[in-house]
1. Is there any pair linking a residue in the stretch B:51-69 that is within 9 Å of DNA strand D (Cβ to nearest atom) to one that is small (Gly, Ala, Ser) and assigned to a loop (DSSP other than H, G, I, E, B), with Cβ under 7 Å and at least six apart or on different chains, and which?
2. If B:Arg55 satisfies every condition in (1) more than 30 Å from B:Val168 (Cα to Cα); (2) within 16 Å of DNA strand C (Cβ to nearest atom); (3) not small (Gly, Ala, Ser); (4) not in a loop (DSSP other than H, G, I, E, B) but one, which is the exception?
3. Looking at B:Ser32, B:Ser10, B:Ser28, which is the one that is away from every other protein chain (no Cβ under 13 Å), under 26 Å from B:Ala224 (Cβ atoms) and of a type outside the set (Lys, Arg)?
4. Within the bounds of the stretch A:88-96, is there any residue that is more than 16 Å from DNA strand D (Cβ to nearest atom), more than 11 Å from chain B (Cβ to nearest Cβ) and surrounded by fewer than 21 Cβ atoms within 10 Å (Cβ to Cβ)?
5. Any chance you could count how many residues in the stretch A:194-214 are more than 7 Å from chain B (Cβ to nearest Cβ) and at pLDDT below 95?
6. Please verify whether the stretch B:220-230 includes one or more residues that are at the interface with another protein chain (Cβ under 10 Å from one of its Cβ atoms) and modelled with pLDDT of 95 or more.
7. In this structure, is A:Val13 in contact with a helix residue (DSSP H, G or I) (Cβ under 7 Å, 6 or more places away or on another chain), near DNA strand C (Cβ under 10 Å from one of its atoms) and either closer than 30 Å to A:Gly197 by Cα or assigned to a loop (DSSP other than H, G, I, E, B) (or both)?
Protein chains: 2
Amino acid sequence: MAEIPTAAISRLVTYLRILEQLEAQDISRTSSSDLAERAGVSAFQVRKDLAYFGRFGTRGMGYTVPILKRELVRVLGLNQTWNVVIVGMGRLGQAIANYPGASDYQFQYVGLFDVSPAIVGRQVRNLTVQHMDDLRAFTSHNRVDMGFLAVPPDRAQDAAQMLVDAGVRGILNFAPVVIQPPVEATVQQEISDEWRGVIIENVDFLAGMKRLAFYILNPHLKDAPMTEDTE
Amino acid sequence: MAEIPTAAISRLVTYLRILEQLEAQDISRTSSSDLAERAGVSAFQVRKDLAYFGRFGTRGMGYTVPILKRELVRVLGLNQTWNVVIVGMGRLGQAIANYPGASDYQFQYVGLFDVSPAIVGRQVRNLTVQHMDDLRAFTSHNRVDMGFLAVPPDRAQDAAQMLVDAGVRGILNFAPVVIQPPVEATVQQEISDEWRGVIIENVDFLAGMKRLAFYILNPHLKDAPMTEDTE
DNA sequence: GGTTGTGAACGGATTCACAGCG
DNA sequence: CGCTGTGAATCCGTTCACAACC
């Protein structure tokens, strides 16, 4: 399991972003070494990462920006609509909802939820924040693919459970906690079926801050982000 | 270079968080398998990760929560004060500034910066947002260890350069771009000395969102986050 | 000539088995 | 006897060298 390195997927996202920039600058051709330099990795790495998914270039020529972009969009599953709910509409949830770029690839916020009376009912980006109690009813009437979790740490596990009960297929967890499938107390293997196949991805800013502190104190342990000779 | 896996550092941060929770629950002892279960990794992994930095347990007994916590705090460099400036005080910057937990380990926001007239002068968490033009003067009068970068993508590289010029030792980059040391146009190896040793850590929510999309479509490629048998 | 695509080699990270010690 | 700490073994990801091809 995991024949394609997870790190490769992160890099593909980076390559795609670079291709968007190239396209915006009307640059129509690129190469593995050009991409490598812009992405801060080796050209070998670029070619290997792309090779996991197909043959997108022309030998002797390089890659055509729009073609490679289209292929990466397809590979990453960004050529389809993703319906997203955000759970937790405090400052962080609002920042996420308003952050530009999510809609570029059909990520659509279809529902916003919170429990605080001060927040429920508020208008954010032409959506009205609903109460968490209404999440279940909402998802039974609307397709929801992902949930973004922006609640306080002590609420995260419960909120994640509600998202899974509501049938989301993936959770982007912003809370600094490890989200766990429940360890069903009495009956073996029962509740956890809902969790089977639910993908959890973490975006943890406090952890990033602490890693940064560590690497400032131990710079030699950091694999330098490659700049000069790319190959 | 990189005798200690970078992934190990991320896991140490997780262990530390778990130890805080245990302490809050007045649990004073734990073990590698207990930590492993809570962190979603194997017990081997926990022991190996800790072994990179010392011997913190007692054979036959396990670990004492406060002791292991203290040691991890020391290892991660969290037993000292870190002075932080935030560059970019839009919604995201404000959410970061107000996010609880940063001050737990002496991360102190000492300066907030932006370029927008609508934002400069505003009061956030008993600090007044200053103009980017004043960053240099500010850092010459105040020690600043890290910069958090929460500006729009097209501003990120420039803002990073300003932070480096201002002498920060690390950047936590929230913008969806690769921050690069400058490729000094004319003279070889000149400007990039300032960049030598500057650590860059990324927290990219748009990338997380796209990885999530990919893994929802290709769940078998995701290394399952370990739950059941921990060893 | 130039650049991609890829099997093989390498190195680093995880897993394992067990020695060490309370 | 139990759980840690760790050298050895394995596995996986990155690097490499070069064959394939425009």
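The values are calculated or read from the model by the stated rules, or taken from the named source; none is laboratory data. Everything numeric here is computed off the predicted structure, so don't read it as measured data. Positions of Cβ are backbone-derived with ideal geometry, glycine not excepted, and every protein chain shown enters the neighbour counts.
1. Between residues of the stretch B:51-69 that are within 9 Å of DNA strand D (Cβ to nearest atom) and residues that are small (Gly, Ala, Ser) and assigned to a loop (DSSP other than H, G, I, E, B), the close pairs are B:Gly62/B:Ser31; B:Tyr63/B:Ser31; B:Tyr63/B:Gly57.
2. Here B:Arg55 meets the rest and fails (4).
3. Exactly one of B:Ser32, B:Ser10, B:Ser28 is away from every other protein chain (no Cβ under 13 Å), under 26 Å from B:Ala224 (Cβ atoms) and of a type outside the set (Lys, Arg), namely B:Ser32.
4. No, the stretch A:88-96 contains no residue that is more than 16 Å from DNA strand D (Cβ to nearest atom), more than 11 Å from chain B (Cβ to nearest Cβ) and surrounded by fewer than 21 Cβ atoms within 10 Å (Cβ to Cβ).
5. Number satisfying all stated conditions: 3.
6. no
7. Against the criterion (in contact with a helix residue (DSSP H, G or I) (Cβ under 7 Å, 6 or more places away or on another chain), near DNA strand C (Cβ under 10 Å from one of its atoms) and either closer than 30 Å to A:Gly197 by Cα or assigned to a loop (DSSP other than H, G, I, E, B) (or both)), A:Val13 does not qualify.
To keep it simple, each residue is scored yes or no on (1) crowded, with 18+ Cβ neighbours inside 10 Å; (2) within 24 Å of the chain's Cα centre (by Cα); (3) in the same structural domain as B:Ala97 (by TED's automatic domain parsing); (4) without any contact (Cβ under 8 Å) to a residue 40 or more places away in the chain.
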position: B:Asp114; (1), (2), (3), (4): yes, yes, yes, yes
position: B:Val144; (1), (2), (3), (4): yes, yes, yes, no
position: B:Phe148; (1), (2), (3), (4): yes, yes, yes, no
position: B:Leu163; (1), (2), (3), (4): yes, yes, yes, no
position: B:Val178; (1), (2), (3), (4): yes, yes, yes, yes
position: B:Pro182; (1), (2), (3), (4): no, yes, yes, yes
position: B:Asp193; (1), (2), (3), (4): no, yes, yes, yes
position: B:Ile199; (1), (2), (3), (4): yes, yes, yes, yes
position: B:Val203; (1), (2), (3), (4): yes, yes, yes, yes
